[in-house]
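For reference, the structure discussed in these notes is given below.
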Amino acid sequence: MTERSCLSIVLAAGEGTRMKSDRSKVLHEIAGLPLAAHVVRAAAAAGSDRVALVVGRDAETVEAVATPHAAKVTTYLQQERLGTAHAVLAASEAIKDGADDILVLFGDTPLVRPEDLATARHALAEGACVAVMGFYTENPFGYGRLIEEDGQLIDIREEKDASFLEKQIQFCNGGLMAIAGEHALELLHGIGNENAKGEYYLTDIVALARAKGHKVVAREIAFESVLGVNNRVELAEAEAIWQRRTRHRMMVDGVTLMQPASVHFSWDTVIGQDTLVEPNVVFGPSVSVGGGVTIRAFSHIEGAKIADNAEVGPFARLRPGAELAQNSKVGNFCEVKKASIGEGAKVNHLTYIGDAEIGARSNIGAGTVTCNYDGYSKHRTTIGEDVFVGTHTSLIAPIEVGSGAYVATGSVLTLNVPADALAIARGRQVNMDGRAKVLRQSLEAQKRQKS
Ligand code: UD1
Ligand code: MG
């Protein structure tokens, strides 16, 4: 089969009233990515040469979040909201440029998969002029019903226009459609608005195409793929389905999830083979994890890079800019931000490492804090290789500790420590014999005087 060119038109101009939100519905996120961006990604993955994004509400923001997700995205403004066919025609310039396949996708159906789009394109390659993706449901209320005769799709009837008998049909329009590029404009321009809603229905293209003798087909896809997000309940449903699919993919790709349902991924989480993720771990945006890593329970990770065989948690918090080298360890109740932890280095207990660099094999004792912020600016802490930092050390940044240095427990470091030096920065201990008794007597006398 020769390569067919493809234009995807993503309709994202809707108001989204039922979302009860100050922003456009398609800006709401699942897995940390706006709905419209999910759809554009699917279009790109299905081999679209070009994506036309039809925007209305919050046009500029929708454009900004969606365009990075496909090589060539052009936005078109739909001034008035006169129906789905009218919305598609807002992108008529893109249609005029010519494409073998035109896909129409809705910006609020984030679970559509590249393989669903391939099914639609395949129908065109087999000679159809219009291919409609349908699904079966026991509760078809609100959807356009697919009307078939002798196994052929002859029309689509919207809920408000359907007769009693048509309303019984359970095969519904998922909203995803493929149209042969060569006939698209002519057919779209033929669509009128004489219906219950007074809107230009894209669905009328079916009867129009048939009247002109073109082949029209319906193909079944899973309801999940065309699940539309209209309110926050459906937003949560879509999130749950997305998470379930992603956990499944991660496990198939070689990641062990001890209790899969308790792990939350971001749209861009990358995890290598043989990594183990314990229960209740949250991955925020921009996290990549190597192979053979162990992420223990209740860790929260965002914007972090974790190299092979590192260990994280339990109860670790990795914030943006955290970079853990191979075989390094960040243990319980530790927070790491904008800091690199060298190969084999250990930050094991109750520690804050921010705006810092820790060299290979260094060991950071429990309760150590990089004091990076003076209330106005952030300052860096640099710790060399093979350094031992004793428990409960405060490093007042900017500060450097040279390789091989040894910092005594409880130090408050304000000065740089040269390589291989022993630094002790704490008050000297004084033991006064018998003085505890004297102190108690005096305190007791003071208390008696007051009462
Ligand atoms: C549409 C279909 C229906 C199908 C259902 C599936 C039509 C006429 N009906 O109905 O057959 O079963 O989806 O969910 O196509 N949009 C615009 N501009 C407009 C109108 C709509 O951009 O002027 C966008 C919306 O933002 C949305 C999409 O098009 O992303 C669908 O519009 P919507 O009003 O939700 O159509 P439905 O009534 O759900
Ligand atoms: Mg809808």
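Figures for the structure shown
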{"read-out": "Value in Å of the Kirkwood radius, where region 6-226 supplies the Cα pairs that are averaged", "value": "17.2"}
{"read-out": "Cα centre as origin, Lys/Arg/Asp/Glu Cβ charges: region 6-226 dipole, Debye", "value": "300"}
{"read-out": "Inter-part distance where region 25-57 and region 328-399 are each reduced to a Cα centre, Å", "value": "40"}
{"read-out": "DSSP beta bridge pairing in the chain, given as percent antiparallel to the nearest 5", "value": "20"}
{"read-out": "Translational diffusion of the chain, µm² s⁻¹ [Kirkwood Rh, Cα pairs; Stokes-Einstein; 37 °C; 0.692 mPa s]", "value": "127"}
{"read-out": "For region 6-226, share of DSSP beta bridges that run antiparallel, in % to the nearest 5", "value": "45"}
{"read-out": "Residues Ala421 and Lys447, FRET efficiency given R0 of 56 Å [Cβ-Cβ distance, rounded to 0.05]", "value": "0.75"}
{"read-out": "Where Cα atoms sit under 14 Å apart: lysine pairs in region 236-423 separated by 8 or more or lying on different chains", "value": "6"}
{"read-out": "Residues in region 357-379 reached by a label modelled at Phe333 [backbone nitrogen below 12 Å; 7 Å Cα→Cβ]", "value": "366-368"}
{"read-out": "Cα→Cβ-extended label distance, 7 Å offset, between Glu159 and Ala408, nm", "value": "7.6"}
{"read-out": "Mean Cβ neighbour count within 10 Å, used as a protection proxy, ranking 76-82, 289-295, 340-346 highest first", "value": "340-346, 289-295, 76-82"}
{"read-out": "Rounded if a/c under 1.5, otherwise prolate or oblate - region 195-249, Cα gyration tensor axes", "value": "oblate"}
{"read-out": "Amide N proximity, region 293-313 versus Glu343 label position 7 Å along Cα-to-Cβ, cut-off under 12 Å", "value": "308"}
{"read-out": "The chain, relative contact order [Cα under 8 Å, separation at least 6], %", "value": "8"}
{"read-out": "Rough spin-label spacing in nm, given labels placed 7 Å along Cα→Cβ, for Ala45 and Asn139", "value": "2.8"}
{"read-out": "Pairwise label distance in nanometres, Thr294 with Arg23, each label 7 Å out on the Cα-Cβ vector", "value": "3.9"}
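We did not get these values from a lab; they are worked out from the coordinates using the rules stated. Given the structure is predicted, the values throughout are model-derived calculations rather than measurements. We place every Cβ from the backbone using ideal geometry, glycine too, and count neighbours over all the protein chains shown.
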